[in-house]
């Protein structure tokens, strides 16, 4: 029987960051709790935050359950995480700069050429182009899990357009509104500077041809997109325009947005659309989405696109295996955050091992997301395992496998009271002229008893995440 | 050889369009095989956009035209001094890694017949011989006949038909080369057709295959040769659509009609 680390307790004692919450938890009358839970739900409904996290699909109007029991880190724990996250974000950007430039890491034989140059996410149009400040991925979402007091693992990196940060901000907002006392009793580091810091990061990568205060916009696919709420929320907080492709046009050397006062030049585009829909002249000639000519403006220094098209080559599950190697290769440092050991089913030896140990492993599709199309060996029936075995054998290169991690738990409100439930964490690291991280992130929680899958499409919820001041 | 080019592309719309944006790969780069002496592009009512050299070494420039407009003319005029390098692309500055050109596109997807054709390379002593054999096999398999294929015809379709134009020859060669793990790409350019020559199409296309030790080597199955001093190279891509010298989008419901004339002449020495 696996023993899971409960972040609130160690050796039968309450761990220091949770000391004040113990009282709160023990003295809360159950009617009060139910009232507060209903209040939280009403608040979420009112602000309209009902989208699926991380583009998982599903019912866009479904409310993701919010758990009121916060997840807490000490300042010291966070300091180490922060160093590790920033280190990883720097290495990922160094990798992108390298593979779109000289490709030293491939020449040095530290990563197979095939994984880079034949990767679908690798964009020829970006080769040889150096974006402002040499940054390709400006918002890096790094998914972390914890297995012990000092053991953290990176589950995956998100270098394109990681979503969910609006939950981090709203969870905090709602907790502060409902439990102001908690925020007086605990010294919790604020996260509400995120939007200012995001704005500063985007402004710092204004293009060469921009003089003066850069005009920033958020480019969204539109209101039918599951994360549209987040796009408009961030635009509001930053005080920038939210635009769709049809609101932008290219003329001469620049991109303009249509406004009621006439065209206005745009300098930085924080795009929340996929590469394929940026510019039909460059990527998808059949697509009417996107802005014709945008890539030419980008490549001639007239506008910045965040993240850079092609940034996704750094974050697929096969490239993930090599991130610790990137840290050593580019930074000359040892990785502070560990990867989960990963077997590539495309390799004969790995495949053999994976097929032998299938009941113990988690198997994922290389390009999959959202917890779909994966096998959690220990939680599956023999029949499910066998049918997955057939799938792997059909296309081994499409699968990776990892050990089933003993994800930490945190106390969570459930129907019967309070019980431990498994959690993960996604912090949002900002990379511009400087590298920046707000103390916090989005904690997802698997609300089903025993479940290790935190995805909202599989019954996951969210929590406020606290980092205490030292 | 000193070649002059006069290339006019006229777009007409049956009703006025609100605006047009184009991305041009219409300016040759200089390398050992060709030196650009003079070159100019005029776009009627056009506003020049940013220009840059892409990772594949091509000169790219965008243009925009403010509507309403019913006709746009793109005129390219210039002179290039060329030398014969037996098809080898020498001194061409580029950063894209050859391995990238192993990637398939819809136009170059394999089928059974292409696979059979690719067997022509079997038993070759070296990659260069394999490349030559593949190019010869394509020339044998597809007769030159204009009008039977269209811009969207794929390699597999052209091979099934057994006829086509330079674009089809290039697509088929690229498909089977990639299948044999030889990086291959599509090249667009101009070709000088002399009086007695059997060269086709002044606006021409061929393929380049990556040969270790030599680098990129051009093959023109349509003319059963490697590009020489009669060829002017404009730019490259994964396939015809990616390498297109002019890509454009018009805003508005107008139906577009295209009219192209290309003249490539040998300049008086």
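Figures for the structure shown
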{"read-out": "Criterion: crowded, with 21+ Cβ neighbours inside 10 Å, at pLDDT below 95 and closer than 17 Å to residue A:194 by Cβ - qualifying residue of A:431, A:462", "value": "A:462"}
{"read-out": "Given (1) within 14 Å of chain B (Cβ to nearest Cβ); (2) modelled with pLDDT of 95 or more, index of the condition residue A:326 fails", "value": "(1)"}
{"read-out": "Among the residues listed as A:318, A:348, the single one being at negative phi and in contact (Cβ under 8 Å) with a residue 60 or more places away in the chain", "value": "A:318"}
{"read-out": "Hits in segment B:129-149 - residues which are assigned to a helix (DSSP H, G or I) and closer than 12 Å to residue B:161 by Cβ", "value": "B:141"}
{"read-out": "Candidate set from segment A:122-143 (those that are more than 12 Å from chain B (Cβ to nearest Cβ) and surrounded by fewer than 23 Cβ atoms within 10 Å (Cβ to Cβ)); member that is farthest from residue A:283 (Cα to Cα)", "value": "A:143"}
{"read-out": "Selection within segment A:295-309 - more than 9 Å from chain B (Cβ to nearest Cβ) and over 13 Å from residue A:205 (Cα atoms)", "value": "A:309"}
{"read-out": "Answer residue from segment A:244-260, given it is more than 14 Å from chain B (Cβ to nearest Cβ) and out of contact with any helix residue (DSSP H, G or I) (no Cβ under 9 Å at 6 or more places or on another chain) and is nearest to residue B:63 (Cα to Cα) among those", "value": "A:244"}
{"read-out": "Residues of segment A:263-289 classified as over 25 Å from residue A:133 (Cα atoms) and either at pLDDT below 95 or not assigned by TED's automatic domain parsing to the domain that holds residue A:121 (or both), total", "value": "8"}
{"read-out": "Test result for residue A:232, under 22 Å from the mean Cα position of the chain (by Cα) and at pLDDT below 95", "value": "yes"}
{"read-out": "Condition broken by residue B:85, with the remaining ones in (1) in contact with a strand residue (DSSP E or B) (Cβ under 7 Å, 6 or more places away or on another chain); (2) crowded, with 19+ Cβ neighbours inside 10 Å; (3) within 21 Å of residue B:227 (Cβ to Cβ); (4) more than 14 Å from chain A (Cβ to nearest Cβ) satisfied", "value": "(1)"}
{"read-out": "Residue match in segment A:139-147 (condition: assigned to a strand (DSSP E or B), farther than 12 Å from residue A:313 by Cα and touching a helix residue (DSSP H, G or I) at 6+ places or on another chain (Cβ under 6 Å))", "value": "yes"}
{"read-out": "Any helices (runs of 4 or more DSSP H) falling wholly within segment A:306-386 and containing at least 1 residues that are more than 22 Å from residue A:109 (Cβ to Cβ)", "value": "A:348-356"}
{"read-out": "Hey, residue A:62 within 27 Å of residue A:324 (Cα to Cα), modelled with pLDDT under 95 and either over 18 Å from the mean Cα position of the chain (by Cα) or part of a loop (DSSP other than H, G, I, E, B) (or both) or not", "value": "no"}
{"read-out": "Some residue of segment A:101-116 being more than 12 Å from chain B (Cβ to nearest Cβ) and under 23 Å from the mean Cα position of the chain (by Cα)", "value": "no"}
{"read-out": "From B:25, B:2, B:40, residue being more than 14 Å from every other protein chain (Cβ to nearest Cβ) and within 21 Å of residue B:244 (Cβ to Cβ)", "value": "B:40"}
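To keep it simple, each residue is scored yes or no on (1) surrounded by fewer than 20 Cβ atoms within 10 Å (Cβ to Cβ); (2) at pLDDT below 95; (3) within 14 Å of chain A (Cβ to nearest Cβ).
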| site | (1), (2), (3) |
| --- | --- |
| B:98 | no, no, yes |
| B:111 | yes, no, no |
| B:131 | no, no, no |
| B:136 | yes, no, no |
| B:142 | no, no, no |
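The values are calculated or read from the model by the stated rules, or taken from the named source; none is laboratory data. Model, not experiment: these values are computed from the prediction. We place every Cβ from the backbone using ideal geometry, glycine too, and count neighbours over all the protein chains shown.
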